[in-house]
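Here is the structure we will look at, set down as structure tokens.
The values are calculated or read from the model by the stated rules, or taken from the named source; none is laboratory data. Worth saying up front: this structure is predicted, and the values here are computed from it rather than measured. Here the Cβ is made from the backbone with ideal geometry for all residues, glycine too, and neighbour counts use every protein chain on show. Keep in mind that these areas ignore ligands, DNA and RNA; they rest on the heavy atoms of the full protein, side chains included. Shrake-Rupley method; radii C 1.70, N 1.55, O 1.52, S 1.80 Å.
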Amino acid sequence: MANTKAKLGSGQAALGCWMLIPHPAVAELMAGEGFDWLALDMEHAAVDLSVVEQVARAVRPSGCDLLVRLDGVNPTLAKHVLDAGAQGVIVPTVMTPEEADTMVAAVRYPPAGNRGTSLSRAADYGRAFADYTRRHNDEVIVAVMLEHHLAAARADAILARPGLDAAFIGPYDLSASLGVAGQLDDPRVLAAEQAILAACKRQGVAAGYHVVPPERSRIEERLAAGYRFIGCSLDTQLLMHGCRNLLRPAGAPRPA
Ligand code: 3PY
Ligand code: MG
């Protein structure tokens with residue numbers, strides 16, 4: 001079973017990182033540092049399916065799980081990324097229980113769902129067909145992103161749907177939905193986050209949060225608050241802050 005699924009299912013935290021740089025070397029390097037999962041972003045980065053497949057190859061030797069953030073509530077894309085070898089999907093901007101159901105069904109083989117079988121890379125081109133097909137429904141990871149205030153208001157109804165491993169807050173979109181894009185400390189944003197966190201706890205779904213600044217203390221704060229599926233910054237921010245720390249240790253942006 002995937003490490004991330006086992007941790008989330010047993011009440012532990014699974015720490016990952018987002019990837020916007022679509023290159024297997026970046027994935028290999030980051031996976032080797034011990035993240036439980038990496039999330040390759042097909043919503044906001046120039047990632048195509050051939051990159052998903054290359055990244056899937058690059059991360060597995062270290063036991064890291066590859067998750068792919070889809071471009072929306074997109075069952076067809078979910079099938080493609082799982083066939084390429086991803087262990088699961090992160091679905092952005094889920095707004096309703098029906099959308100959650102659609103995606104839970106999309107990643108599972110019949111009779112539980114409607115994913116098509118194949119002799120794909122995920123099934124070792126057919127050599128592992130029986131084994132992969134038998135185990136897959138229990139092992140696939142599905143996280144929904146709740147990142148709109150209307151989704152926060154219906155979080156219990158969405159998260160009560162069966163088959164969800166985690167609910168991930170996207171703080172930027174959540175703040176944008178409230179008319180305060182990027183103001184992550186706005187009281188309305190914080191209240192919506194609390195509503196989602198509380199619903200996660202009530203419904204037994206791991207709460208997730210994207211901590212964007214690459215600062216350990218912020219990750220610790222979220223862990224202490226009860227979040228268990230934490231995106232620890234992203235490759236581009238790690239690189240940017242690494243450069244700044246070398247050139248301007250105070251962290252100031254580049255002077256104009
Ligand atoms: C957001 O903040 O909206 C995100 O999607 C973070 O990954
Ligand atoms: Mg978002």
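At 4 °C and 1.567 mPa s, grab the translational diffusion coefficient of segment 67-121 from Stokes-Einstein with a Kirkwood Rh over Cα pairs, rounded to a whole number in µm² per second. Please report the intermediate quantities before stating the final value.
On the way: Rh = 11.2 Å.
D = 116 µm²/s.
Under 8 Å for C-alpha pairs, at least 6 residues apart: give me the relative contact order for the chain, rounded to a whole percent.
On the way: 521 pairs, mean separation 45.2, N = 256.
Rounded, it is 18 percent for the chain.
Given just the C-alpha atoms of the chain, how large is their convex hull per residue in cubic angstrom? Don't skip to the end; give the middle numbers.
Values: hull volume 32.4 nm³, N = 256.
That works out to 127 Å³ per residue.
Leaving out ligands and nucleic acids, note down the accessible area per residue over the chain with a 1.4 angstrom probe, in whole Å².
Values: 11360 Å² over 256 residues.
Accessible area per residue: 44 Å².
Using a probe of 1.4 angstrom, how much of the accessible area of the chain is carbon and sulfur, in percent? Present the calculation step by step, with values, prior to reporting the outcome.
Values: 6230 of 11360 Å².
Carbon and sulfur: 55 percent of the exposed surface of the chain.
Starting from the Cα-Cα distance between Arg127 and Arg60, subtract it from 0.36 nm times their residue separation and give me the gain in nm to one decimal. Don't jump to the answer; show the numbers that get you there.
Values: separation 67, 0.36 × 67 = 24.12 nm, distance 1.78 nm.
22.3 nm is the gain from fully extending Arg127 to Arg60.
Check each of the GluC sites (Glu not before Pro) in segment 149-256 and keep only those in coil by DSSP with at most 16 other C-beta atoms within 10 angstrom; list them in order.
Numbers: sites: Glu193, Glu215, Glu220, Glu221; in loops: Glu215.
The qualifying sites are Glu215.
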